[in-house]
1. Which helices count as membrane-span-like in chain B under these terms: full DSSP H, at least 30 Å along the axis by C-alpha, Kyte-Doolittle mean of 0.5 or more?
2. Inverting the mean 1/r over all pairs of different Cα atoms, compute the Kirkwood radius of chain A and quote it in Å.
3. Rounding to the nearest 10 and keeping the result within 0 to 90°, find how far the Cα-based axis of helix A:60-79 lies from the longest principal axis of chain A.
4. Computed over the Cα atoms, what is the radius of gyration of segment A:24-103 divided by 2.2 N^0.38 Å, N being its residue count?
5. Computed from the mean reciprocal separation of all distinct C-alpha pairs, what Kirkwood hydrodynamic radius does segment A:99-206 have, in Å?
6. Give the residue list of GluC sites (Glu not before Pro) in segment B:140-236 that are DSSP loop and have at most 12 other beta-carbon atoms within 10 angstrom.
7. For the protein assembly as shown, with the dipole built from +1 on Lys and Arg beta-carbon atoms and -1 on Asp and Glu ones, taken about the Cα centre, which of A:237, A:14, B:85 lies farthest toward the positive end?
8. If you scale each eigenvalue of the Cα gyration tensor by 5 and take the root, what three semi-axes come out for segment A:1-154, rounded to whole angstrom and sorted largest first?
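Every number in this text was worked out from the coordinates using simple rules, so none of it is lab data. It should be emphasised that the depicted structure is a prediction, and the values quoted were computed from it without experimental measurement. A quick note on method: Cβ atoms are made from the backbone with ideal geometry, for glycine too, and the neighbour counts reach across all protein chains shown.
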Amino acid sequence: MIGFLRGLLAGSIHAGTPLLYATLGELISERAGIVNLGLEGVMLMGAVVGFVTAVLTGSAALGVVAAALAGGCFNMVFAFLVITRRANQLASGLALMFCGVGLSALLGAPYIGSQVQGLNELAPPILNYDALVYLAVPLALLVWWVLFSTRWGLILRAVGENPTAAFAAGKNPHALQYQALFIAGLLGGVAGAHLSLGIAKTWAEWMTAGRGFVAVALVIFSKWDPLRALAGALLFGGAISLQLQMQARGVPISPFLLDMLPYLLSLAVLAVWGGARRHAAPASLGRVFQGTE
Amino acid sequence: MSSSAREAAGALSGVRNGRLESLARFGGLFALALGVFAIVLLVFGKNPLKAYIDIFSGTLASGYGFSEILVKMIPLMLTAVAVAVPARIWLINVGGEGQLFIGALFATWGALTFGSLPSWILLTMMFLLGFLGGGVWAAISGILRARGWASETISTLLLNYVAILLVNYFVFGPWKDPEGVNYPQTSEFVSGAILPALGATRVHLGLVFALVAVMLFAFVLARTRWGLEMRAIGGNQEAARRSGIPIARYVVLLMFVGGGIAGVAGMSEVSAIQGRLRPSLSPGYGYAGFLISWMAAGHPLGIVAASFLLAVITAGGDILQITQGLPASVVSILMAIILFVVLGRKAGMR
C-alpha cells in the first residue's frame, strides 16, 4: 500500500508537470482575455520539435529550448488571427489545433521509433525527476508574482478585464495580448517537450491525447490563479498516474475505462467549479478588442 | 405586396447577389489556401503539383473516385448539420466526433443483439439507436450548459475522448470478435444490419439520411415556429427570454438533435462502410464537420458545397498516403489553412 501511494505520488508529479506548464501558459493568455483552444496543437508542435531537435543534436536541453520557441512562434499564427484580424477565438483555436496535428505528424513521421536519451534525472535520486519537474513549482510562483505584483502583470490583467479602459489609460491592449500569447506558446511548447522528452522519450502522432483541452479546463478549475493551478495539475496528474499504477499492479479494470478518469474528472471539476465561480473569470475573456474608432 | 414581403424579397435578391460574390471570394480564399499548402509540401521536399494532380485524378477524374467522394460526404454532411443545428443559438458543438462514436456504439449493440430480426426493422432500430446514442451524449453537454455549469465547447471536446475510449473498451473487451485473433473489432454484422448500397459502389442509403437532414434543417429553420424561436434566441437571447421562449429547453433539445444527427453518421459508417465496429471508425469526421459548418456559416447549401470540398480533401489524404508516403493527417494542415484564410480575411469582407 505504501509502495502504491508512493508510486502514485511520484507518478502524479511526473504526469502533472506538462499539464502545469500548459495550464500556466493558458492562464496567462486568458488573463489577457484570450481563450486558446489551440493549446493542444501548440503542445504537439513543442513535443515534435523538441524530440526531433534532441535526436539530431543529441541534447535534450536544446530540444526543450527549440520546443519552447516553436510553441511561441506557432502561437503567433493564432495571435494574428484573433488579435489583428479579430477572428473568433474558439474557431481560430480549433484551426490551430488541426494545423498542429497535421504539421507535427509531417515533421515527426521520419522519426517515429527513434530513441532519445531524454531529459536527465537530477539528484536527489530518491524520486528521479528531471529538471523541468523541479522548475515547475518555482515557475508557478513566478507567474503568480508577475501577474499580481508587477506593473506588466497589472496591465495584462487590466486588458483581460476591460481592454477599452486599458487603452484609455494609454496602454496598447493588442501589444500586451501578443506578448501574453507568445509566453503562452513558450510554455505550451515546453509542456509538449516534457511529454516527448521527459515522459515518453519517444514521438507518436497526437501523443498529447487531449491534454491541451484538459489544461484549458484546469485554468477554470484554478479560478485563473497560478497557485491553485499547482493543486489542479497535481490532481490531474494523479488521475493519469492512478491508471498506470493500477495497470502495473494488474488490477482487473480495463485500461480504457481508467484512461477516462482525467477527462471525467475535468468535466466534474468544471461542473462543480465552473458555474458557481464564473465571476472569477476575466471580464472580457473571449471578446475581441475592437479598437476605439 | 405588403411592405414586409417587399422587404423579404429585397433581402432575398441581396442574398442572391451576395451568394455569387461570396462564391467568388471563397474561390479566391481556396486558391490562397492551396498555395500555402503547396509551400508546406515544397518545404518538406514533396512535389505539390504532383500531389494536387494525384488528388484530382484519384477523386474527380473517374467514376469510382467520384463515388468515393459521395461516400465521404455522407458522414461529413451529417456531422456538419450536427454542428449547425445547435449553432443557430450560438452553441458550439465540437463533440461531433464523440457523438459519432457513441451513435456507432449504440447501433452496434442493436446489430449484435437483434440480428435475427428482419432487415428493415433491424436497420430502423439501429438508426434510432444511433440517433439516441449521439443525442444523449451531446445532451450531457447541453444540460451542463443549460444549468450554467460548464461551457459546451470544452465539455463536448472532453467527451470526445471519453467516447472513443468507451468504444475501445467494448471492442477490446466484451464485444471482441472471438475469431478476430488479436484484431480489435466486433464480429461481423449479419447481412440484415448492412445499409443497402447503390449498385457496385460504396455509396449507401446514408446519403439519403444526410440529404434529408440538410433539407429538414433548412425547412425547420425557415418555415416553422421552432425555427423562428431559434432565430429569436440566436438574435437576442435576453429579448427571447423575456418573450417567454424556454431557452434552457432549447439548449438541451438542440444539443440532443445535433448529437443525434452525428450519431446517425456513426450508425451509417459502422453499418455500411465497416460492417463491424472498429476503433478506426472515423478519421476525424466530427472535427471536419465542425469546420464545414463554420465555413458554410450554417447555411444548408453551403454545408453541401463545403462537405464536397472537404470530402475531396479527406479522400486526397488517403491518396497522398499511398502515392507520396505522407501521413494521412497531413490533410488536416490543408483544412487548417483553409480555416485560417476564412477566419483571417479582412474584417470588411465578412
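1. Helix filter hits for chain B: B:3-43, B:63-87, B:119-146, B:247-268, B:300-323.
2. This gives a value of 19.2 Å.
3. 40
4. That ratio works out to 1.13.
5. Computed over segment A:99-206, the radius equals 16.8 Å.
6. Here the GluC sites (Glu not before Pro) that fit, given the DSSP loop and packing criteria, are B:179.
7. B:85
8. Here the semi-axes work out to 28, 23, 14 Å.
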